[in-house]
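Heads up, the thing below is written out as structure tokens.
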Amino acid sequence: MNLTKNQQIPLTITGVTGEGNGVGRYKLPGDDSAGIAVFVPYTAIGDEIVCRIQKVDRRFAFGRAVEIVTSSNDRCQAGERACPAFGQCGGCVWRQVTYEAECRYKWQKVADALAHIGGLSITPEPIIGAQNPDRYRNKAQLPVTETEKGMAVGYYAARSHRVIPHKDCPLQPSFFSTIVAIVTDWMQKNGISAYNETTHSGLIRHIYIRFAEKTGEVMVCLVSTSGKLSGMDQLTTALSAEIPGFVTLVVNINRRDTNVILGDTEYTVYGPGYIIDELCGLRFKLSPRSFYQVNHDQTERLYAFAAKELDLNGEETLLDLYCGVGTIGLSMARQVKTLIGVEVVAPAIEDARENAKMNGIENARFICSDAAKAAELLRKEKVQPDAVIVDPPRRGCAEQLLDTIATMSPKKVVYVSCDPATLARDLKRFAERGYDTLQVTPVDLFPGTEHVESVALLKISEN
């Protein structure tokens, strides 16, 4: 099958990948093979397109749609989910289709991972879609850079550090753009430069915004290469005057040549240095480095669903691994006898302890440690958890951790995952250690993007 770069071909999109690309197969008349797979971003199942080939590999090719001959029924109406940065920034991949179609695609992504990576015969439960697929993000970390045309604030293009200027992302509250305007105006009036990744010069690297949806509190954090910034009183006054709920301004210092956004030190310019939000009836303190899910309403639904799956009766010891600031475990603390949370990030553990105290929860213990090492410590202390929650980063659980959990023999495990591939891999590993996966439920915490959360319930095998 000889495809060449810049060749234009007719193509019908018959599937989508987990990364958000449409896929079709191209073959010449009379070809008895399945044809070569061609991946095309921003298309939908059922699209009939003219595709220009951009890259050819031995087994597949990449292209882009130069014409949509026949639109898929999955496509949304013109303007329905429109965004001027769509197709340029590296955020959304599904704004060309209806939200119903997006949920179907994400459900299929989870189903395919369970079958092909996990080798599991289980069919996922219906996806828990978002009631509000726009304006849901409570956090933004916007890169600031200097270009030939002046200062640019926006979002990175896919797989690059090229900033796409964009004033109003439809995934974020509209007032975030007002904050950006206030900060950039302050920078220009005070001669404060944007950071240049090539020369490693300049001051402001990111504008970081957090919003507590229930309390209305707003934090602005400037990520800077220096702690010395002029005109901070002007900035505080402007934010206080124009942003309802603005309570704190923080400067985080990051001098390193790194892709990591936040540095290790920070200082508070105005307010307490944190905001308070309410989740599942509890109050949580959020500092700049606190992990907190970006979709408040869907997080509440996910946590309530996880608690329902555990079917707690008040007598259990619940072990919450990768606990962050304690949100998921603390939301269930009053339904168990003892809660033990584990997190490797020290500031997060400090926040978790404060969050427990702030909510009058006295049956919680928090350990600052790698999850695998902490689980081994608890095993040596002869702590016998009745149930375990794991909510690992994208890379999933280390095998040592799975071994330790299996040694503890909890009756139930709830696995909260942000990556279907590593979830499927780990469910297979759990099966090898005597745990059956009873069900997997996708939960869409990130509408518009390729990402999907899942909640899996496992039970120790009775065989």
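Just wondering, is there one or more residues in segment 431-438 that are crowded, with 22+ Cβ neighbours inside 10 Å and closer than 20 Å to T317 by Cβ? Quick ask: steps written out before the conclusion?
Kept after step one, since they are crowded, with 22+ Cβ neighbours inside 10 Å, are these residues of segment 431-438: 435, 437.
Cutting the leftovers down to closer than 20 Å to T317 by Cβ gives us 435.
Yes, segment 431-438 has at least one match.
Looking only at residues in segment 379-391 that are touching a residue at least 24 places away in the same chain (Cβ under 8 Å), surrounded by fewer than 21 Cβ atoms within 10 Å (Cβ to Cβ) and not in a strand (DSSP E or B), which one is nearest to the chain's Cα centre (by Cα)?
In this case the residue turns out to be D386.
As an exercise: evaluate T225 against (1) among the β-branched types (V, I, T); (2) closer than 22 Å to N138 by Cβ; (3) crowded, with 17+ Cβ neighbours inside 10 Å and give the number of the one condition it does not meet.
(2)
Quick check: is even one residue across segment 299-309 touching a helix residue (DSSP H, G or I) at 6+ places or on another chain (Cβ under 9 Å), surrounded by 15 or more Cβ atoms within 10 Å (Cβ to Cβ), modelled with pLDDT under 95 and of a type in the set (S, T, N, Q)?
No, segment 299-309 has no match at all.
Give just the number: which of (1) modelled with pLDDT of 95 or more; (2) touching a Cys at 6+ places or on another chain (Cβ under 9 Å) does L203 not satisfy?
Among (1) modelled with pLDDT of 95 or more; (2) touching a Cys at 6+ places or on another chain (Cβ under 9 Å), L203 violates only (2).
Out of segment 144-177, which residues are at pLDDT 95 or above and exposed (fewer than 14 other Cβ atoms within 10 Å of the Cβ)?
S174 - this is the single residue of segment 144-177 that is at pLDDT 95 or above and exposed (fewer than 14 other Cβ atoms within 10 Å of the Cβ).
Take segment 288-305 and flag every residue that is small (G, A, S) and within 18 Å of the chain's Cα centre (by Cα).
S290
Can you give me the number of residues within segment 235-261 that are touching a residue at least 40 places away in the same chain (Cβ under 8 Å), surrounded by fewer than 21 Cβ atoms within 10 Å (Cβ to Cβ) and under 27 Å from H200 (Cβ atoms)?
Here the count works out to 4.
Working only within segment 31-45, note down all residues that are surrounded by fewer than 17 Cβ atoms within 10 Å (Cβ to Cβ) and either among the acidic types (D, E) or in contact (Cβ under 8 Å) with a residue 24 or more places away in the chain (or both).
The answer is D31, D32, S33, G35.
Take segment 311-365 and flag every residue that is modelled with pLDDT under 95, surrounded by fewer than 18 Cβ atoms within 10 Å (Cβ to Cβ) and β-branched (V, I, T).
Of everything in segment 311-365, those that are modelled with pLDDT under 95, surrounded by fewer than 18 Cβ atoms within 10 Å (Cβ to Cβ) and β-branched (V, I, T) turn out to be V344, V345.
Scan segment 85-100 and give yes if some residue there is within 29 Å of the chain's Cα centre (by Cα), farther than 27 Å from S160 by Cα and not aromatic (F, W, Y), otherwise no.
The answer is yes, given that some residue of segment 85-100 is within 29 Å of the chain's Cα centre (by Cα), farther than 27 Å from S160 by Cα and not aromatic (F, W, Y).
Looking at segment 262-277, which of the residues that are crowded, with 16+ Cβ neighbours inside 10 Å and part of a loop (DSSP other than H, G, I, E, B) is farthest from the chain's Cα centre (by Cα)?
Looking at residues that are crowded, with 16+ Cβ neighbours inside 10 Å and part of a loop (DSSP other than H, G, I, E, B), I get G271.
Any residue in segment 183-211 that's part of a helix (DSSP H, G or I): show its pairings with residues that are small (G, A, S) at Cβ separation under 8 Å, as long as the two are six or more apart or on different chains.
Close Cβ pairs satisfying both conditions: D185/A238; W186/G231; W186/A238; M187/S193; M187/A194; K189/G231.
With the condition kept exactly as written, say whether any residue in segment 137-154 is within 30 Å of C221 (Cα to Cα), assigned to a loop (DSSP other than H, G, I, E, B) and touching a Gly at 6+ places or on another chain (Cβ under 8 Å).
no
Does E362 meet the test of being among the acidic types (D, E), assigned by TED's automatic domain parsing to the domain that holds E316 and assigned to a loop (DSSP other than H, G, I, E, B)?
Answer is yes for this residue.
The values are calculated or read from the model by the stated rules, or taken from the named source; none is laboratory data. Remember, predicted model here, so these are calculated numbers, not experimental data. Backbone-built Cβ (ideal geometry, glycine too); neighbour counts: all protein chains shown.
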